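S.K.: This is the structure I want to talk about, given as structure tokens.
The values are calculated or read from the model by the stated rules, or taken from the named source; none is laboratory data. None of the values given here were measured: they were computed from a predicted structure. Quick reminder, even Gly has a Cβ in these numbers, built from the backbone with ideal geometry, and neighbours come from all protein chains shown. Side chains are part of the model used for accessible areas, which takes the heavy atoms of the whole protein and leaves out ligands, DNA and RNA. Shrake-Rupley method; radii C 1.70, N 1.55, O 1.52, S 1.80 Å.
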Amino acid sequence: MAAPMLRQCCLGRLWALTCIVRGSRHGRGAPRGSRCSGKRGQSSVALQHLTTAQKPRKGEHEWAAVVGLEIHAQISSNSKLFSGSQVLFAAPPNSLVSFFDASLPGTLPVLNRRCVEAAVMTGLALNCHINKKSLFDRKHYFYADLPAGYQITQQRLPIAVNGSLTYSVCAGTKRNQVINKTVRIKQIQLEQDSGKSLHDDLRAQTLIDLNRAGVGLLEVVLEPDMSCGEEAATAVRELQLILQALGTSQANMADYEIQRQIRELENGGEILNETRSFDYKLGCTVPMRDKEGKQDYRFIPEPNLPPLLLYDSASLPAGTDPQQVINIDQIREQLPELPSATREKLIQQYGMLPEQSLTLLNEVGLLEFFQNVIKETRAEPKKVTSWVLNIFLGFLKQQNLAVSESPVTPSALAELLNLLDRKAISSAAAKQVFQELWRSEGKTPAQIMSEKQLELMQDREALERLCQATLEEHPQVVMDVKKGNPRAINKLIGLVRKVTLSRADPTVIKEILEKQLSS
């Protein structure tokens, strides 16, 4: 689930795909519960192939996924975890590399305060216990883009443990039932990133860029408490929103892997224990390296870093320089509003349904768009919610556009809703105006309404004449109304609206028709 975009974050995972056959389960392949840890823009997948002795045929069995996640999120910081080198995306290769990043002899790590604060903030937001004493370790492995031959991480005693992440999934045939679920968080630890290997198959060579070497990462380890790709995607999205609300990571992530594994198994293949990377151009994962053998990282205590000591208000020594220590309670007081609180506020303030508040936050930029429309319109919040989630978002989905790419601005939609609010235009005509707004940038809703002659009819006498003419032209429908057919009156309303080019208020039309039918 949620394979990583290069540089911004990294995801390792524990997935067990289970084949259920007449209530029995038979296993082979990787040992149950095995786990591999990935690095940087890569995903490590420890998988279990549980099936019958015979090769499964496509569609013959159901596959049940057991999903745990190890997420490496790049910390939003101006400098690296243990050096003063700048962190900047797309800088020229090897232009942001300090002597320590290149692992020159005699260089020593200096811990970045911002990265520690980010880890504490994230731990508090995820209901973790913050360890007042945590330790750093060396994790050894040998790749060309890791000049020291080891990463500095927190293997024995991480900065935060025993947390939880609550997320909401929509269920039911209409996706209008919101179910809250919780996944346990084993730990959060600080870790430095490695460099980047660029493989040139054409020239049969590999180039190394160490700009990313030493960038600070948050590794968030989620227990395998999730049972499907949708749950995992929703949990990752909730974590993404939390990290972005805190400002601790940009948290750009993508999703792909479970369906690939199901296709592989149903076509008679086997899932290998391997490290895979997400190719954002191809939109899929690709194999990186074999992970069949048990990894011996030869963890040892980091000799150049003392224990990381944190304090709360009760344990803070008197006369301590605030710049030299980190106060957990002070960080807790400065936590911003989290997504769960934002959703509850939307429900209370605007009378939204829970599933509506979920959609507003889950779509990037949609909440800001909604809030900007609210600021500029007199329309009721429920009306704004309906238009943003149904009309506006529907157009975005059809065109496969992000909110930031929309040709309709919040101001334009607010003006259109104001026209509706003061009954200058009908709801059907307003949708026509919206379509024109989507196609014709630069025009205002009022201009489009005037050009297309979509103003709401204000001449009641003219509308009464049109209604009377419609009754006379459709005597059979009139008979159906008098016989008690409830759909007949709606048909008459539709006929009048067609004549008026949707410029008449359906409520007024119904009122006039009922009066004329009863006379």
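S.K.: Within region 67-100, take every residue that is out of contact with any helix residue (DSSP H, G or I) (no Cβ under 9 Å at 6 or more places or on another chain) and β-branched (Val, Ile, Thr) and give me the one that is farthest from residue 252 (Cα to Cα).
M.R.: 97
S.K.: A further question follows. Determine whether residue 464 is more than 28 Å from residue 395 (Cβ to Cβ) and open to solvent by 40 Å² or more (accessible area, probe 1.4 Å).
M.R.: Yes; evaluated as a whole, the condition is true for this residue.
S.K.: If you don't mind, there's one more thing I want to ask. Taking the stated definitions as given, is residue 359 open to solvent by 60 Å² or more (accessible area, probe 1.4 Å), among the hydroxyl-bearing types (Ser, Thr, Tyr) and touching a helix residue (DSSP H, G or I) at 6+ places or on another chain (Cβ under 9 Å)? First the steps, then the outcome.
M.R.: Working: open to solvent by 60 Å² or more (accessible area, probe 1.4 Å): no; among the hydroxyl-bearing types (Ser, Thr, Tyr): yes; touching a helix residue (DSSP H, G or I) at 6+ places or on another chain (Cβ under 9 Å): yes.
So residue 359 fails the test.
S.K.: Restricting to region 433-473, and then to whatever is more than 18 Å from residue 503 (Cα to Cα) and in contact with an Asp or Glu (Cβ under 9 Å, 6 or more places away or on another chain), can you tell me which residue is modelled with the lowest pLDDT?
M.R.: The residue in question is 443.
S.K.: Quick check, is residue 145 of a type in the set (Asp, Glu) and open to solvent by 70 Å² or more (accessible area, probe 1.4 Å)?
M.R.: No, not satisfied.
S.K.: Next question. Restricting region 121-159 to residues that are of a type in the set (Ser, Thr, Tyr) and part of a strand (DSSP E or B), which is farthest from residue 183 (Cα to Cα)? Steps first, answer last, please.
M.R.: Of the residues in region 121-159, the ones of a type in the set (Ser, Thr, Tyr) are 122, 134, 141, 143, 150, 153.
Then keep just the ones that are part of a strand (DSSP E or B); that gives 134, 150, 153.
Working: 134: 24, 150: 31, 153: 24 Å.
Step by step, filter region 121-159, then rank; the result is 150.
S.K.: Now for a different question. So which residues in region 332-369 are touching a residue at least 40 places away in the same chain (Cβ under 8 Å), assigned to a helix (DSSP H, G or I) and more than 23 Å from residue 122 (Cα to Cα), if there are any at all?
M.R.: Answer for region 332-369, where residues must be touching a residue at least 40 places away in the same chain (Cβ under 8 Å), assigned to a helix (DSSP H, G or I) and more than 23 Å from residue 122 (Cα to Cα): 354, 355, 369.
S.K.: On to the next question. Give 408, 373 a once-over and let me know the one that is assigned to a loop (DSSP other than H, G, I, E, B), among the hydrophobic types (A, V, I, L, M, F, W, C) and open to solvent by less than 70 Å² (accessible area, probe 1.4 Å).
M.R.: The unique qualifying residue is 408.
S.K.: Quick one: which helices (runs of 4 or more DSSP H) lie wholly within region 436-485 and hold at least 3 residues that are within 22 Å of residue 426 (Cα to Cα)?
M.R.: Details: elements: 445-451, 460-473, 475-482.
The helices (runs of 4 or more DSSP H) meeting that bar are 445-451, 460-473.
S.K.: Separate question: Could you tell me whether region 288-309 includes any residue that is at pLDDT 85 or above, out of contact with any strand residue (DSSP E or B) (no Cβ under 9 Å at 6 or more places or on another chain) and open to solvent by 50 Å² or more (accessible area, probe 1.4 Å)?
M.R.: Yes, region 288-309 contains at least one residue that is at pLDDT 85 or above, out of contact with any strand residue (DSSP E or B) (no Cβ under 9 Å at 6 or more places or on another chain) and open to solvent by 50 Å² or more (accessible area, probe 1.4 Å).
S.K.: Based on this model, can you work out whether residue 331 counts as under 30 Å from residue 312 (Cα atoms), modelled with pLDDT of 95 or more, in contact with a helix residue (DSSP H, G or I) (Cβ under 6 Å, 6 or more places away or on another chain) and open to solvent by less than 50 Å² (accessible area, probe 1.4 Å)?
M.R.: yes
S.K.: Also, quick follow-up: If you check every pair at least six apart or on different chains, which have Cβ atoms under 7 Å apart with a residue in region 466-480 that is on the phi < 0 side of the Ramachandran plot and charged (D, E, K, R) first and a residue that is open to solvent by less than 20 Å² (accessible area, probe 1.4 Å) and assigned to a helix (DSSP H, G or I) second?
M.R.: Partner pairs satisfying both residue conditions: 480/488.
S.K.: Can you find even one residue in region 242-256 that is within 11 Å of the chain's Cα centre (by Cα), modelled with pLDDT of 75 or more, aliphatic (A, V, I, L, M) and more than 26 Å from residue 137 (Cα to Cα)?
M.R.: Yes: region 242-256 contains one or more residues that are within 11 Å of the chain's Cα centre (by Cα), modelled with pLDDT of 75 or more, aliphatic (A, V, I, L, M) and more than 26 Å from residue 137 (Cα to Cα).
S.K.: Of all residues in region 486-515, count the ones that are over 19 Å from residue 428 (Cα atoms) and open to solvent by 40 Å² or more (accessible area, probe 1.4 Å).
M.R.: Total meeting the criteria: 4.
S.K.: Residues in region 500-514: is at least one assigned to a loop (DSSP other than H, G, I, E, B), under 30 Å from residue 412 (Cβ atoms) and small (Gly, Ala, Ser)?
M.R.: Checked against the condition, which is being assigned to a loop (DSSP other than H, G, I, E, B), under 30 Å from residue 412 (Cβ atoms) and small (Gly, Ala, Ser), region 500-514 yields at least one hit.
S.K.: Out of all the residues in region 61-99, which are surrounded by fewer than 22 Cβ atoms within 10 Å (Cβ to Cβ), of a type in the set (Phe, Trp, Tyr) and at pLDDT 95 or above?
M.R.: 99
S.K.: Would you be able to tell me the number of residues in region 392-405 that are under 16 Å from residue 432 (Cα atoms) and open to solvent by 40 Å² or more (accessible area, probe 1.4 Å)?
M.R.: 1
S.K.: Out of the residues in region 433-461 that are of a type outside the set (D, E, K, R) and within 18 Å of residue 390 (Cα to Cα), which is most open to solvent (accessible area, probe 1.4 Å)?
M.R.: Only one residue fits best here, namely 435.
S.K.: Additional query: Within region 411-432, work out how many residues are over 12 Å from residue 373 (Cβ atoms), among the acidic types (Asp, Glu) and crowded, with 17+ Cβ neighbours inside 10 Å.
M.R.: The total comes to 0.
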